[in-house]
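The values are calculated or read from the model by the stated rules, or taken from the named source; none is laboratory data. These numbers come from a predicted model, not from an experiment. Cβ placement follows ideal geometry from the backbone for every residue including glycine, while neighbour counts extend to all protein chains displayed.
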Amino acid sequence: MTTTAESTTTTSQDETTRMTMAVAMNSALDLALDGDEKVILLGEDIADPAGGVLKVTRGLSSKYGTGRVRATPISETAIIGTAIGAALAGYRPVAEIMFMDFMGVCLDQITNHAAKLRYMSGGHSTIPITIRTTVGEQRFGAQHSQSLEAWFMHTPGIKVVMPSTAIEAKGLLASCVADDDPCLFIENVRLAFSQKQEVPVGDYRIPLGEADVKRPGADLSVITYGPAVHTALATAETLADEGIDLEVVDLRTLIPLDMASVMDSVAKTRKAIVLHDATTFCGPGAEIAARITEELFGKLDAPVKRLGAGYHPAPYAPSGLSYLPTSDELADTARELLGY
Amino acid sequence: MSSPETWTHPEPGAVPAATAAQPTPEQVIAGLRATTEGGIELTQLLTPEGERVASPIFDGFVSDIGAEQLRGLYRDMVLVRRADREGNALQRQGQLGIWVPLLGQEAAQIGSGRALRPTDMAFPSYREHGVAWARGVDLKDIFGIFRCTDQGSWDFQGSRLHPYTIVIGNQVVNAVGYAMGQKFDGKVGNASHEDTAADSDEATITYFGDGATSQGDVHEGFVWSSVYDAPVVFFCQNNQWAISEPTERQSRLPLYQRARGYGFPGVRVDGNDVLACLAVTRWALHTCRNGNGPVLIEAFTYRMDAHTTSDDPTRYRLSEELEVWRLKDPIERVRAHLTRTEGADQEFFDAVDAEADEFAVELRDYCVNMPDPPPERIFSNVYAEPSPALDAQRDSYLSYLAGFESTAGEG
């Protein structure tokens, strides 16, 4: 039987503490498990003492039991497939797929079942599952370093979320777990420990589908999400010295895609670059750039540019080599557009 | 005839096991494929001639089935077969986009479907019209799927029948997840004695075919159900053919024997024997409700018609095989038994036939008059909450359609 564990912490609404993104996500999951006995966690190595490969689930199986926080057999299809079945039985599962590269194994369960059951059943089936996965390991090559969010943007029925900061990781993950639709929550391994900030200790949610202007600016909009947000912010500081004022728009969720905020920004700056770690070719930026051009054609001062990974499998990338867009490339592209 | 032992452990110098598993022409004509049918492996309670066979293990699970109950099972099978033939005919007349015949599998589906409690959950593939009937789903809803007006929008929580799954084998892991939920909810193993099951105890059954046993999803479902003690019955209808591929293309071993490798019981039942299917499925569900699941049941049956109306089995299988299986018809053996035991008279059989004809007319009338779904349904139930992107698409499409109405009005 499920039992709601006694809450061991009592916090005021405003209390914050300094957390890494990994700890912030752990906090979101802890509160979700504490607040709703139907929340369960499934995934490889997520139970203690392992606590997940990024330690995001550390301590949770000890606190809530291995019935609610289950280290599962190594079967990605079954992780998602049983999460769907458990959702039909009234649960709210959070399933972990260790690396996004392994999503191909369970793609059918995500795209043919989780995403479509509400539609096919005329609303009778609700699949409130959250799928957590990781991207951003740059060193380990073609089967371990891909940013595949565009695969899922092609599939109506699921939501796609990719945070860039610790506080947003907590707020967005909490919203995913509470959401009645299947949500894909993409964590970046580089950000998991490098991002540290004050994060609310108690329940904290950020609505899905709302972009955030991370840096207001007048001259050019950088539309981005995930780790590339930090590339954009660093570049903005560099270019500020040259008198170029970048606006950085963090999409935060790719589905629902907050195009209204994108349009507001680009209508103001009249120039846009879409920046991400996914491949430029047919990447999320292709859709965003096309929409900007369709809706703001007469207002643009320059072509909309895209910067992403090259169209090749992820190479082995020892330190110093980057196949992802760099701050220098972004700065050069911004200067080019300012020249129109 | 080769035995399982020789398939897995060929004699020195013998042909490899997979080759040995291929049937001889004599086996084909005798209706036997890579897996032998007869002997002690097969649980049978009614012979094709309608004689009752005693089973010390399973008789106790159908001790309540007298003539009246058998007449009920007979009626189920006749009505479902009549609906199936009507579906086939309606497709041929262009009234349905496709039909997936269940002909020959009525006993497997009615026997297992009638073994379920209302609180049990069923996950079908796409041929389980008999299971849908047993679950109380209106077969008109099933016809809607094949007339392409609906995708399975019956109330699955009420009927406890999940929508049809088209992708092969995928529903098996969903069923395991559901069963894990039942167990975690405490709806398993509440009886004070293992001979009984508590009213609150539940189990899940999932249906798939011999072809699906080659899918990774099915194997992952076997693994997960076994390591989590999930109360799930894997009901494999081995109808001998996966479209054009015979069972020996899927397995060296009789399929039910695979269960042993995963650590749970596997049983082969005569899939054309409704009484045996009922008994074995009741036993399996009981085992699951008591916390001793999972169980694999291989219902040894035969697909008497094509894979779908798009398929022509005469291109790849022998008509002699069909003739042999015709002699094992699931409905005829119950009819023979009821006649032999004076459990029913001609008046009963005539009444069931008349009811079946009326049922067919009802289905046909409904089918040809089935309204098209409203166009806004294209954009409905994609997400739980309204989506601006979908709303915009819907408004645009409805406005486009409205343009035709105003043109027609002007014309």
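Every residue, every condition in (1) under 16 Å from B:V78 (Cα atoms); (2) in contact (Cβ under 8 Å) with a residue 24 or more places away in the chain, yes or no:
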position	(1), (2)
B:T314	no, no
B:R317	no, yes
B:D329	yes, yes
B:A336	yes, yes
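Inclusion of A:A95 among residues that are at the interface with chain B (Cβ under 7 Å from one of its Cβ atoms), touching a strand residue (DSSP E or B) at 6+ places or on another chain (Cβ under 8 Å) and either crowded, with 23+ Cβ neighbours inside 10 Å or not hydroxyl-bearing (S, T, Y) (or both) is not warranted.
Among the residues of this structure, B:I98 does not count as one that is buried (at least 22 other Cβ atoms within 10 Å of the Cβ) and closer than 26 Å to B:C367 by Cα. Only one of the listed residues (A:Q143, A:Q138) is in a loop (DSSP other than H, G, I, E, B) and in contact with a Lys or Arg (Cβ under 9 Å, 6 or more places away or on another chain). That residue is A:Q138. Of all residues in the range B:313-330, those being of a type in the set (D, E) and at pLDDT 95 or above number 1. Each residue in the range B:216-246 was checked for being within 17 Å of the chain's Cα centre (by Cα), over 13 Å from B:P294 (Cβ atoms) and of a type outside the set (F, W, Y), and 6 of them qualify. In this structure, is B:E202 surrounded by 23 or more Cβ atoms within 10 Å (Cβ to Cβ) and farther than 24 Å from A:P73 by Cα? Spelling it out, B:E202 is indeed surrounded by 23 or more Cβ atoms within 10 Å (Cβ to Cβ) and farther than 24 Å from A:P73 by Cα.
Scanning the range A:194-239 for residues that are in contact with a helix residue (DSSP H, G or I) (Cβ under 8 Å, 6 or more places away or on another chain), farther than 22 Å from A:A278 by Cβ and in a helix (DSSP H, G or I) turns up A:T238, A:L239. When you scan the range A:65-82, do you find a residue that is out of contact with any helix residue (DSSP H, G or I) (no Cβ under 7 Å at 6 or more places or on another chain), surrounded by fewer than 20 Cβ atoms within 10 Å (Cβ to Cβ), small (G, A, S) and at positive phi, even just one? Yes; the residues of the range A:65-82 include at least one that is out of contact with any helix residue (DSSP H, G or I) (no Cβ under 7 Å at 6 or more places or on another chain), surrounded by fewer than 20 Cβ atoms within 10 Å (Cβ to Cβ), small (G, A, S) and at positive phi.
Quick check on B:F156: is it surrounded by fewer than 24 Cβ atoms within 10 Å (Cβ to Cβ), under 28 Å from A:V39 (Cβ atoms) and within 12 Å of chain A (Cβ to nearest Cβ)? Yes: the conditions hold for B:F156. Within the range B:184-196, the set of residues being more than 8 Å from chain A (Cβ to nearest Cβ) and surrounded by fewer than 24 Cβ atoms within 10 Å (Cβ to Cβ) comprises B:K187, B:G189, B:N190, B:A191, B:S192, B:H193, B:E194, B:D195, B:T196. Annotation note: of A:R270, A:R215, the sole residue that is within 21 Å of A:P163 (Cα to Cα) and surrounded by fewer than 24 Cβ atoms within 10 Å (Cβ to Cβ) is A:R215. Check the range A:162-177 and report whether any residue there is under 21 Å from A:V69 (Cβ atoms), more than 14 Å from chain B (Cβ to nearest Cβ), touching a residue at least 40 places away in the same chain (Cβ under 8 Å) and not hydrophobic (A, V, I, L, M, F, W, C). Among the residues of the range A:162-177, at least one is under 21 Å from A:V69 (Cβ atoms), more than 14 Å from chain B (Cβ to nearest Cβ), touching a residue at least 40 places away in the same chain (Cβ under 8 Å) and not hydrophobic (A, V, I, L, M, F, W, C), which makes the answer yes. If only residues of the range A:109-135 that are assigned to a helix (DSSP H, G or I) and hydrophobic (A, V, I, L, M, F, W, C) are counted, the one that is farthest from the chain's Cα centre (by Cα) is A:M120. Applying the set (1) within 19 Å of B:S387 (Cα to Cα); (2) assigned by TED's automatic domain parsing to the domain that holds A:G35 to A:I206 leaves exactly one unmet item: (2). So which residues in the range B:131-180 are assigned to a helix (DSSP H, G or I) and within 16 Å of A:Q109 (Cβ to Cβ)? Matches in the range B:131-180: B:Q171, B:V172, B:V173, B:N174, B:A175, B:V176, B:G177, B:Y178, B:M180.
Of all residues in the range A:45-71, those satisfying the criterion of being within 14 Å of chain B (Cβ to nearest Cβ) and either of a type in the set (A, V, I, L, M) or within 19 Å of B:T206 (Cβ to Cβ) (or both) are A:A47, A:V69, A:A71. The range B:204-291 holds helices (runs of 4 or more DSSP H) entirely within its bounds, and those carrying 3 or more residues that are under 22 Å from B:L46 (Cα atoms) map to B:274-289.
From the list A:A192, A:A166, A:A228, exactly one residue is under 23 Å from A:T293 (Cβ atoms) and not β-branched (V, I, T). Which is it?
Answer to the selection: A:A228.
Listed by first and then second residue, the pairs with beta-carbon distance under 9 Å, at least 6 apart or on different chains, first residue in the range B:380-401 and at the interface with another protein chain (Cβ under 10 Å from one of its Cβ atoms) and free of Cβ contacts under 8 Å to residues at least 24 places away in the same chain, second charged (D, E, K, R) and part of a helix (DSSP H, G or I), are B:S380/B:R394; B:N381/A:R118; B:V382/A:R118; B:Y383/A:R118; B:A384/A:R118. Could you say whether any residue in the range A:253-272 is free of Cβ contacts under 8 Å to residues at least 24 places away in the same chain and out of contact with any Asp or Glu (no Cβ under 8 Å at 6 or more places or on another chain)? So far as the range A:253-272 goes, yes, one or more of its residues are free of Cβ contacts under 8 Å to residues at least 24 places away in the same chain and out of contact with any Asp or Glu (no Cβ under 8 Å at 6 or more places or on another chain). Among what's in the range B:119-130 and is part of a loop (DSSP other than H, G, I, E, B) and under 17 Å from the mean Cα position of the chain (by Cα), pick the residue that is farthest from B:N88 (Cα to Cα). Out of the qualifying residues, it is B:D120. Considering the range A:288-340, and only residues there that are among the acidic types (D, E), assigned to a helix (DSSP H, G or I) and more than 25 Å from the chain's Cα centre (by Cα), the residue that is surrounded by the fewest Cβ atoms within 10 Å (Cβ to Cβ) turns out to be A:E294. Within the range A:57-68, residues that are in contact (Cβ under 8 Å) with a residue 12 or more places away in the chain have Cβ atoms under 8 Å from residues that are aromatic (F, W, Y) and in a helix (DSSP H, G or I) in these pairs: A:G67/B:F184, counting only partners at least 6 apart in sequence or on another chain. Is one or more of the residues making up the range B:107-115 part of a loop (DSSP other than H, G, I, E, B), in contact with a strand residue (DSSP E or B) (Cβ under 9 Å, 6 or more places away or on another chain) and modelled with pLDDT of 95 or more? Looking for residues that are part of a loop (DSSP other than H, G, I, E, B), in contact with a strand residue (DSSP E or B) (Cβ under 9 Å, 6 or more places away or on another chain) and modelled with pLDDT of 95 or more, one finds at least one in the range B:107-115, hence yes.
Exactly one residue out of A:Q143, A:Q138 is away from chain B (no Cβ under 13 Å) and more than 16 Å from A:H276 (Cβ to Cβ), and it is A:Q143. Among the residues making up the range A:123-159, a single one is surrounded by fewer than 19 Cβ atoms within 10 Å (Cβ to Cβ), touching a Phe, Trp or Tyr at 6+ places or on another chain (Cβ under 9 Å) and farther than 19 Å from A:N188 by Cα: A:P156.
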